[in-house]
Every structure is written in structure tokens, then in C-alpha cells.
1. Touching a strand residue (DSSP E or B) at 6+ places or on another chain (Cβ under 6 Å) and at pLDDT below 95: does that describe B:Val63?
2. Would the stretch B:212-233 turn up any residue that is part of a loop (DSSP other than H, G, I, E, B), within 13 Å of chain A (Cβ to nearest Cβ) and touching a Ser or Thr at 6+ places or on another chain (Cβ under 6 Å)?
3. Quick one: which residue in A:Lys579, A:Lys564 is out of contact with any Ser or Thr (no Cβ under 6 Å at 6 or more places or on another chain) and closer than 23 Å to A:Val68 by Cβ?
4. Just checking: which of the strands (runs of 3 or more DSSP E) contained wholly in the stretch A:393-510 hold 1 or more residues that are under 21 Å from A:Lys372 (Cα atoms) and touching a residue at least 60 places away in the same chain (Cβ under 8 Å)?
5. Out of all the residues in the stretch A:223-258, which are touching a Pro at 6+ places or on another chain (Cβ under 9 Å) and either exposed (fewer than 15 other Cβ atoms within 10 Å of the Cβ) or among the hydroxyl-bearing types (Ser, Thr, Tyr) (or both)?
6. How about the stretch A:511-524: which of its residues are in a strand (DSSP E or B), among the charged types (D, E, K, R) and farther than 27 Å from A:Tyr95 by Cβ?
7. Of all the strands (runs of 3 or more DSSP E) wholly in the stretch A:122-170, which have at least 1 residues that are within 10 Å of chain B (Cβ to nearest Cβ) and touching a helix residue (DSSP H, G or I) at 6+ places or on another chain (Cβ under 9 Å)?
8. Which of the residues belonging to the stretch A:142-168 are surrounded by fewer than 22 Cβ atoms within 10 Å (Cβ to Cβ) and at positive phi?
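The values are calculated or read from the model by the stated rules, or taken from the named source; none is laboratory data. A quick note: this is a predicted structure, and the numbers were derived from the prediction, not measured. As a convention, Cβ positions derive from the backbone with ideal geometry for all residues, glycine included, and neighbour counts pool all protein chains shown.
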Amino acid sequence: MKGLKWLATASAFALTVCAVPALADVKIEDIVNDAATTNDVVSNGLGPQGQRYSTLEAINKDNVANLVPAWAMSLGGEKMRGQETQPLVRDGVMYITGSYSRMWAIDVKTGHEIWQYDHRLPEGILPCCDVINRGAAIYGDKVIFGTLDAKLVALNAKTGKVVWTKEIDDFKAGYSYTAAPLIVPTKAHGPLLLTGVSGGEFGVVGRVEGRKVDTGELVWSRPTIEGHMGTLNGKPSTMTGDKVNATWPGDLWKTGGGATWLGGTYDPDTGLAFFGAGNPGPWNSHMRPGDNKWSCARIAIDPEDGSIKWGYQTTPNDGWDFDGVNEVVSFDADGKKLAATADRNGFFYVLDRTNGAFQAAYPFVSKITWAKEIGKDGRPVYVDDNRPGDPKAGKDGKKGATVFAVPSFLGGKNWMPMAYSQQTKLFYVPSNEWGMDIWNEPVAYKKGAAYLGAGFTIKPIFDDHIGSLKAIDPLTGKIVWEAKNKAPLWGGVLTTASGLVFYGTPEGEFKALDATNGKELFSFNTGSGIVGSPITWEQDGEQMVSIVSGWGGAVPLWGGEVAKTVANLNQGGMVWTFKLPKKMAAN
Amino acid sequence: MIKFAIRFTTAAALLTAMAAGAHAGPVSDPLNSPVWNDLAKKTFGDAEIVFDDRVKVIVPDVVENQAQVPVSADARALPNVERLVVLTDLNPIQHVLTLTPVAAKADAFVSFRLKVEQGTPVRAAALTSDGVWHVGGVFLEAAGGGCSSPAMARGDSDWTTTVGNAQGKLWRNADGTARLRLRVRHPMDTGLAKDNTPAFFIEKLDVKGAGGEPLATIELFEPVSEDPTLTLSVKPQATDASVSVDGRDNNGNIYRSVVPASWNQSALAAPRAATR
């Protein structure tokens, strides 16, 4: 017999997509205007700017204490790990993603499952920080999400059947995808699906890619690390950066990191997509003197061609794993188009979102040891003694001097998204107060192996709490209030025009606070730790609030001493949806 | 009462029906399956069904491996078959596969390997152009567990390196048809194994001639054995140098293979193929 290799290529394969009569197709205008429409949630961040602000007011400070569960649905199986998803809702159907690359469609009236898609994962996946997923994107008749084996899967929203699948990259080299994809309008190509890559601890090179939503066909690719060539329409386009070794020594740019693992936001006003780039590889900063662009940075990308319009580096020559991936949230103040981001490194930055010009940076955690401040030029004023030592300078040449640095590498804030209230003009930032002992070790790159060159252990800096939800005035940096939490916060925040702030804790409490003073008005035990992001929408005249509960994420895996304090928190996997009893809502 | 218009076409069956009273209504299933009426309703709706000995299902007398039971479904004795469906009454997933010849370019015949969860009727149902389903079958005696055991691929540290690999061969038959045999590496997970592996299976194969003209389509379901091994009888153009098979699994992965028709290939063009 003649051996024949079947190739997993998706070319030249015609697919017919069933019509979905009950569900109206999601249009690009619906996504762009998502923040203004209260009857659905069709984007990550409740609007592409990522403000997580709802104009709904039916649930308010006076009645929120009366919230009751409308229904709950278990994610089932034995795959109960961290649930970091944000639900989407459209035409009475909720779409959620879950641990181990699973997805569900749920009837929002009853909480009953409509369909479930379980991605068949290889045994050798290499996720760094739990088998999580942060949500889906929806467009037309498709819902699209990324998988732990670094694929994008587009499902028919009505049936849950696969319409197309595309491999982002080789999972064996450490690639995976966990962020919610972003859908943006373009003139040249129609709506594009924008995604990044995960695998920041494995020496992968970060990039942002734009694909046609209907087919998954790649339109452009933009690497984050200087020296790498982008592509447009299948041809090389432009190199990232001005020259190959401007801010990197030797060949290290080739495995330079800068993973875009948290996806991005989009600002319809400027037409720019904002993506963050993760830590440079390896962690040992003495191996790579220079700024190491664009690691630990925010970049603004023109979705028309994938070009970088501006970049801003939060931690040049990072030595602490201060990934620059945290979300960029657009907001307007003082007649200016601004954007804010709360970095792993403990500073809250305000930038001009039209050109990336630095406006101000304020500490949002109690203690920062690695930098005195962010100077007027937007660069950190480093504390040289707080950079982990060069292993070559150590006595045996194997381990550099250990330093205690604050924040820890899990950050003053990690992936969990903050919210901005157009009513109070405050940002609500889920932060953590912790530090780390960190030291450098020699390391060489090996495909598919962790590329750290550092050792570390996390320690709390207060006896009574690590987590702290902070209300921050972006114009002054003033912390208006904080709500402390014993365990580190790891879930997203939602705020409403009725002056409420919703978030969940690893202890399992789903809470609503008064947006003006942080006073707790509602708390419900969901049964497992919350590391997901809440949403709210209006269904048949009633305001609904949903959160997915299920403990996990990076903290139990990487939390050092902190992991012990959360060891008694049990895993789960449950979607909770709340509303007011009708009688009470009428009051 | 389920209303089936059931018609017998063989004399033996007719006698049986007369003995039973020969009145309208469901006629007893020759295989005496407890679920046949529901399965038939689910599969065929209100279409007319007849039990017909011309539709043959061949299984081994003794099952050695309940995850790999060789099965042949053969309705070549019937004219104008538009579709051939294989069903297993007592498997947790009853629908095994559907073969659809395109424009009579494939015979109503398929051989494959089947997972069997417990002893069960195995049936083939052939839809003829007059809208009637002709059903034949046998009872397969087997020990259980074929659908709820993990795939062999589960013990493989990396099945992703071999998934979609295929072996195939074409033979020329005396009547001008071509016998196609193809084996494709794929875990064909049922989603029912205790190890929590989700359902993952090839759900469609399109068989095409060298010029791309469709010959047959096969829909596969979870009970088809791991590394599906299929035999078909197809009718490509007499001069076609190959037959191609395009596949897609339920995760959206797409596979493609080309099986050469060695008798139509120039010895100069492919000198080594003949010796392998």
C-alpha cells in the first residue's frame, strides 16, 4: 500500500452555513455601539473601549440588596478549573467559554443549555497559568474563541457546530490562546478578528493578527518585538521597530517574548486597536541590556494594515516579569481623548490615546520598590538595588543576588479587567498588595520549555489582606476608596449608571459596592471562587446580572506563600444569573 | 400506535405476515429489537419502510475486539439506491454512518469497523428512488464496552502528529468499478469514555474523481472505530489517474488524501509507487 499523508489544511474547502432564523446576525455596528445598547453584550468589555460601564439603572443602591438568583448552570464534567470568562448575550442566548477550551450556549430565560462544544485537546498542551479561557467574540452567525492548543474555532451560534478552525501556531512550542478575540471594523477588509498569542514564559514572540471573520483567513500579522517582519495580504509588510538591534543585544530579539496574551481593546473614535505586550524573555534582565521594545508595552495598531501607530513602554528592560499586557481603556476627560491602563508594575498610567503621549502615572498599590516614580518623560526612575542581581556577578556564577521587590510578578494588577464609570468619573481597579523574593539564574532557550532564568516566591505585604478594589480618579491619581479582601483579587469589575460596582472574590462572594464610597450593599456566596468578569443587560424589561464562578487561574499555581492561604478554596464551575424579584423591582 | 406502512417483498416474509394476521400496523421486527419502532421513527420519520433480504449486513460470528468489529453493508442487489444508512439499535449512539452515492457514481456498499457497546442488531437501510427504505440486518453477538473505552490514541503521548495520516489503495474490478480502501488515523472519540475526553470524530468524507467530480459522500458518527478503515465501490472516469477523499472532523480540522489508480498512471511518472 502506498502511504498517504493527510494534511490539516483548510484551503479550498467550501463550507455551507445554515441560516439562523431565530437569531439576528450580529453586525459590526452592534459591536462598535455595544456600550450604548443595553439589551445585549456582544463584546468583551461591554463595548470595544472596555469601560465595563452599563447605563442600566433598574438595579440601584436602594434595591441591590434584594438581588436573587434567577438561575444557575453547572459547567459539568470533571474539568472544574479556573473560569475567567466574560459571558456574551444576544437575542436571549448567553455564550460562555470555560476551562479546557469548552463553550456553551444557554437560554437566558431558563438557564438550560442549548449546546456545548468541547474542543479535543492534545495531551501535551502547555498553558502557563491554568487551563482557562477569557471569553468569546460574536459576529454574524458565529461565535469565535481561542483554545489551549493555539487554535481559533468559529462555531455556528445556533448549533454549536464548527464553521472554521485555524491554527494560530504550534502548541508544542508553547503557544496557546486564552483571551477573548476582538472584532473591529476596517474599510479595506471588512470586519477583522484581532487576536494575539499566549506563551510568554516559553520564549515565543508576541504578535497581533487580523483575520477575516467569515473564514479565519489571515490578513495581516504584526510582531511586537523589534526586528521581526510583519505581513499584509500574504506578503512581508514592514518590520517592527526601526532597526534590528536598536534596543536588544545579539540574537535575543529572536526569542524576545512580548506575548500578546490578553488580547486588546478598540477605540472607534481613533480607529485604533490597543494591544499589550508581555515580558521579554528570558526574565534575567542582565542578559539583554537595552529597552527591549516592544516588550512590556502598549501598542496602538491600525487595523487597516497592522501598522503600529504608537507605542508606550511601561517597564523598559523589565527584570520583574511586569508584562505590559493589561487592558487599555479609552475615556474622555478635560476635552481630551485619553486612555488609562493599570500595569503589573503598580503604576496607573494615563495616555493621550491619539498619539500615545504620556500624561501622568500614579501608584495604585501601597508600596512600590522597583521604581521611585514615573518621570515626566514617562520613563520609570529605577531603584537600581531592587533589580534582581546578575548571576555572573554571584559567587558561584549560578545565582544572582536575591531582592525583595514589590509588586510581585503577578502584579499590582494582573489580567482582571478594571471598569470606568462615566457617572463617577472613577476607575475601579482590582489590585493586589504583594511582593516577591526574586533572583536570576543562567538560562538557554529550548523550544517548548519554560524560558525564565529566574526563581521567585511571592509573599503578602499585609497580614490581613492582599486583594484591594480601588477607586481611582484618573485626573489626580487620588485613591478615593478601597475595599480590602483577604485573598488576591483575580476577577473583573463592572460598574453601572446607578452607582454600583460589581465584582467577585476568590472566597466566592459576588458583591455590589456603592461606587461613590465603596460601601458593600450586596454579597452572595456562589460556592466557588470567582475569577471571571460580570456583565449586566436588560432582558424583556428586567435588568439581569451574570457572573461565572469557578476558582483557579495563576494564583494557586504560582502564588508561593499565598497559594497556601487559598488552598482551602474549592474548584467549581457555575454560571449565576441574578435579577430583582418583580414585586421589588416595581417598588 | 406508531404508523408505519410496512410492505414485505419476499415470499417468506409475506407468509410470516399472513400468519400473523396480515392486518395493517407495525409488523414485528425480524430481529425482535426493543427499540426498533422508536429508532425507525427517529431515523425515517413517516417514510415507507420494508424489511428486505436484498439488503445484507455481514458481521463476524465471533467478535474478537468490540472496538473494531468489521461490518459490511451491501444493498447492491437493489436498483437505484440513493442513500445507505447503518444503524445499531442498542449502541448508545445508534446512527453509525450514511453513504450517499452521487449520480450513481458509487455502489450501495460500504465496509468499515464498528464499536459495539453491547450485543445489538446491526442494520443497513437503503433508500431507493421511489422513496422507500429497504431494511436488512443481523444480530451481532458481542461482549460490551466498545463505545465507552478510551481510544488507543489516549495512550499515545501525541496523537496530533499522526492524526489524518492515511493509507489507501484502488483496485480495478472486472465490471469497471473501482474498489477503494482507505484507512485514516483519527481517535474517533465517542465522548462517552470515563476519561472525560470529548467527542472527536471525522464527520464527513467526500470522495471525488480526479477531475473533482463527486462520487460519494459519507457521514460518519462516533461508533465508527478509531482510525476508520473504509471500503467503497466507486465509479470514477475510466481515465482517472486517482480518486481523492476530503475529510472534516467535528473540530473543523480538514484532511485531504489522493489515492492513485495505479493502472492509469504512467510507469515513468510514478515508477516507485508500484513497488511499495
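1. yes
2. Yes, the conditions are met somewhere in the stretch B:212-233.
3. Of A:Lys579, A:Lys564, the one residue that is out of contact with any Ser or Thr (no Cβ under 6 Å at 6 or more places or on another chain) and closer than 23 Å to A:Val68 by Cβ is A:Lys579.
4. It comes to A:403-405, A:427-432, A:434-440, A:454-460, A:467-472, A:479-485.
5. Answer for the stretch A:223-258, where residues must be touching a Pro at 6+ places or on another chain (Cβ under 9 Å) and either exposed (fewer than 15 other Cβ atoms within 10 Å of the Cβ) or among the hydroxyl-bearing types (Ser, Thr, Tyr) (or both): A:Met229, A:Met239, A:Thr240, A:Thr247, A:Pro249, A:Thr255.
6. Those that are in a strand (DSSP E or B), among the charged types (D, E, K, R) and farther than 27 Å from A:Tyr95 by Cβ: A:Asp514, A:Glu520.
7. Once the strands (runs of 3 or more DSSP E) in the stretch A:122-170 are filtered for at least 1 residues that are within 10 Å of chain B (Cβ to nearest Cβ) and touching a helix residue (DSSP H, G or I) at 6+ places or on another chain (Cβ under 9 Å), what remains is A:151-156.
8. Hit for the stretch A:142-168 is A:Gly160, nothing else.
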